[in-house]
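Below is one structure, written out as structure tokens, with a few remarks after it.
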Amino acid sequence: MLKLILIICSLSLLVGCVQKTVKPDDPYYAPVASQNLQRPQPVTGSIVNLAMRRDLYGNGRASQVGDIISITLNESTSASKNAKTTADKSSSTVLTPPKVFGRTLDRFDTSITGPTTAFEGEGKSDISNSLNGSISVTVHEVLPNGILVVRGEKWLNLNQGDEYIQISGLVRPQDIAADNTISSEKLADARISYSGTGQVSDTNVMGFMAKFFLSALML
């Protein structure tokens, strides 16, 4: 009965851990709404309109809320880890033969060998990932120190599902190139998600029953 209860509880936890399906048009990554952009000031007769000013020497680099920046994805990670552990333990005890009425009982075994335990484990892990491409994002906020808060998403509709890239982070204006691009390596506090939905993506996801039988409860 106890084992059945544990199985039911484990299945409930696994069902609760199922990730929500990611959908396009996430408000967090959506472009800045037009009503949140700075409205042009009324014309007062002056030649210079401060609301529509642009840096003549900026080459069109993004600097205001709502501007667009192209991020070049140049991400690659590689990690390797090896671990090996060996441990053993043994014990023995020697006892003095007891004496009864002045006579030593040397027929008794005077040595006791304790249990011997041994453990040996070895693990190895190699991980390598790379992500290349480009994505255009919008400036959502300009911090008091001039740093730009950018984020955006890109969805590709394929015949067997969708692929998407979601990215957010902080950009220094001086890191933006003349063609209004920046490498993802210069994106501070970067959050980059790349995945997909559909049949091809689902085949790489382990079912909850398989997760249960491979969980620590079944070891």
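Can Gly146 be described as in contact with a Pro (Cβ under 8 Å, 6 or more places away or on another chain), surrounded by fewer than 14 Cβ atoms within 10 Å (Cβ to Cβ) and not polar (S, T, N, Q)? Full working, then the answer.
Numbers: in contact with a Pro (Cβ under 8 Å, 6 or more places away or on another chain): yes; surrounded by fewer than 14 Cβ atoms within 10 Å (Cβ to Cβ): yes; not polar (S, T, N, Q): yes.
Judged against the criteria, Gly146 is a match.
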- Considering each of Thr93, Thr104 in turn, give the residue that is farther than 30 Å from Val150 by Cα, at pLDDT below 70 and surrounded by 10 or more Cβ atoms within 10 Å (Cβ to Cβ). Thr104
- Item | Pick from the stretch 155-168, criterion surrounded by 14 or more Cβ atoms within 10 Å (Cβ to Cβ) and farther than 12 Å from Glu75 by Cβ, ranking: modelled with the lowest pLDDT | Gly161
- Message: Can you report the number of residues in the stretch 27-74 which are modelled with pLDDT of 75 or more and at negative phi?
- Response: 21
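The values are calculated or read from the model by the stated rules, or taken from the named source; none is laboratory data. Since we're looking at a predicted model, the values are computed, not measured. Ideal geometry is used to build each Cβ from the backbone, glycine not excepted, and the neighbour counts take in all protein chains shown.
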